[in-house]
Amino acid sequence: MRRSAFLAGILCAIAWSARADQVTLNNGDRLTGTIVKSDAKTLLIKTELAGEVTVQWAAVSSIVSSQPLHVELKGGQTVTGKVSTEDGKIDVAAPNGRVATAKDAVVAIRNEAEQQAYEKLQHPGFRDLWSGLLDTGLSETRGNSALLAFSLAAKAARVAPRDKISLYATSVYATDNTTPPSRTTANAIQGGARVDFNLTPRFFVYGIADFGHDEFQHLDLRSVLGGGFGVHVIKNKTTLLDVFGGGDYDRERFSANPPLVLTSVTRNTAELTAGEELDWKLNNRVSLNERFAVFPNMSDVGEYRFQLDTTAATKLKNWLSWQITFADRYLSNPLPGVKSNDQLLSTGLRLSFGKGVFQ
């Protein structure tokens, strides 16, 4: 019985090896499993016992695949077939004949699932590639004071190889019922959309439409339409730093603020735009997003406004995080009797969906 079990184990191992991919390294080590992908820098293979293993592409001496792989070469050509290594070259058994190429001519290797995902990324539909988040913050007191404050922020983004669409909205609301009747102490809403288009891997253009309301600035509506140019100063798997600049048209409508302002006020101004945005993944759990933009007023020289938003988030689950947010809105020429600064510090839960910029 023991001998039969031993032989059965050997036969199973042989059968598994026959239908598995094999990767041999320069030091003689061998990995057996399913080749997932390679970007000519690293190679990812999924093994039965060790799970997903990533090795340096330069450390790979030979490959033997039992499954057809999609091999992308320099020049844009992609050949598909079972892959082996012979005389130091990558040999692909394509349906129309074998193709042998130097290892350093390989740009990428993908299995069927990765190839389908790659092709979808190159030609996505409008409903594809969306990801988003919902940040919430709530505080309440009862007893000698009766205060309620609520903040809500929502973002959604569709990131494709050549363009990015961003939608966003924030709301802050607070009441004080310590001494009846209840009164509102904060009520502000902001939202908008931005479209980025990459001209090259480093340079991009953008257009933006932004709208805002702030009851306690007596701002009924701010409408901003603009655009400009930007540079991806840093762009890798963990860090994205953009610097941008341009111009916009800003229309502000303020309600009356008796007795200091007896009638409504409407401002139409041209503005310059300069700013930066940072997305930084400190590790697999912690991320930081920071954005600052300043808007010098060209119609009323010397006046300006700026916006600062900073959020740090710690991932609890793939779809759930804890976030803390600081925001500052500054207007150098508010209505008489109104402060220039509105600041917010909030913390709470973050809900995420999709796979992309917010994951």
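Miscellaneous remarks
- Accessible-area ranking of SER299, SER61, largest first, probe 1.4 Å: SER299, SER61
- Solvent-accessible surface of segment 47-166, taken per residue with a 1.4 Å probe and all protein chains present: 58 Å².
- Loop-located trypsin sites (Lys or Arg not before Pro) in segment 227-264 (DSSP state not H, G, I, E or B) with no more than 13 neighbouring Cβ atoms inside 10 Å: LYS237.
- Rounded percent of accessible protein surface that carbon and sulfur make up, the chain, 1.4 Å probe: 60
- Between segment 315-359 and segment 207-234, the alpha-carbon center distance in angstrom: 15
- With a threshold of 24 Å on the Cα-Cα distance, the over-threshold entries among LYS41/LYS74; LYS281/LYS355; LYS82/LYS237; LYS46/LYS164; LYS37/LYS355 are LYS82/LYS237; LYS46/LYS164.
- Sparse-neighbour loop sites [trypsin sites (Lys or Arg not before Pro); segment 133-233; at most 13 other C-beta within 10 Å; DSSP]: ARG142, ARG162, ARG202
- Antiparallel DSSP beta bridges within the chain, percent to nearest 5: 100
- Diffusion coefficient (Stokes-Einstein, Kirkwood radius over C-alpha pairs, 25 °C, 0.890 mPa s) for the chain: 99 µm²/s, rounded to a whole number.
- Of all aspartates and glutamates in the structure, those lying under 16 Å Cα to Cα from LYS103, and not within fewer than 8 positions of it along the same chain, are ASP39, GLU72, GLU86, ASP87, ASP91.
- Among PRO296, PRO181, PRO259, residue whose mean-square fluctuation peaks in a GNM of the chain (springs only between Cα atoms under 10 Å): PRO181
- Per-residue SASA entry for ASP91, accessible area with 1.4 Å probe, Å² rounded to 10: 10
- Within segment 251-359, GluC sites (Glu not before Pro) in DSSP loop having at most 12 other beta-carbon neighbours inside 10 Å: none
- On Cα atoms only, tilt of 2-18 relative to the major axis of the chain in degrees: 60
- Scanning the chain for chymotrypsin sites (Phe, Trp or Tyr not before Pro) that sit in a DSSP loop and have at most 16 other Cβ atoms within 10 Å, the longest stretch containing none of them is 127-318.
- Highest-MSF residue in the chain out of ILE90, ILE234, ILE208 [GNM, Cα springs under 10 Å]: ILE90
The values are calculated or read from the model by the stated rules, or taken from the named source; none is laboratory data. Note that the coordinates shown come from a computational prediction; the quantities given were computed from them, not determined experimentally. So basically every Cβ, Gly included, is an ideal-geometry build from the backbone, and we count neighbours across all protein chains shown. Protein only, heavy atoms only, side chains kept; ligands, DNA and RNA dropped before computing areas. Shrake-Rupley method; radii C 1.70, N 1.55, O 1.52, S 1.80 Å.
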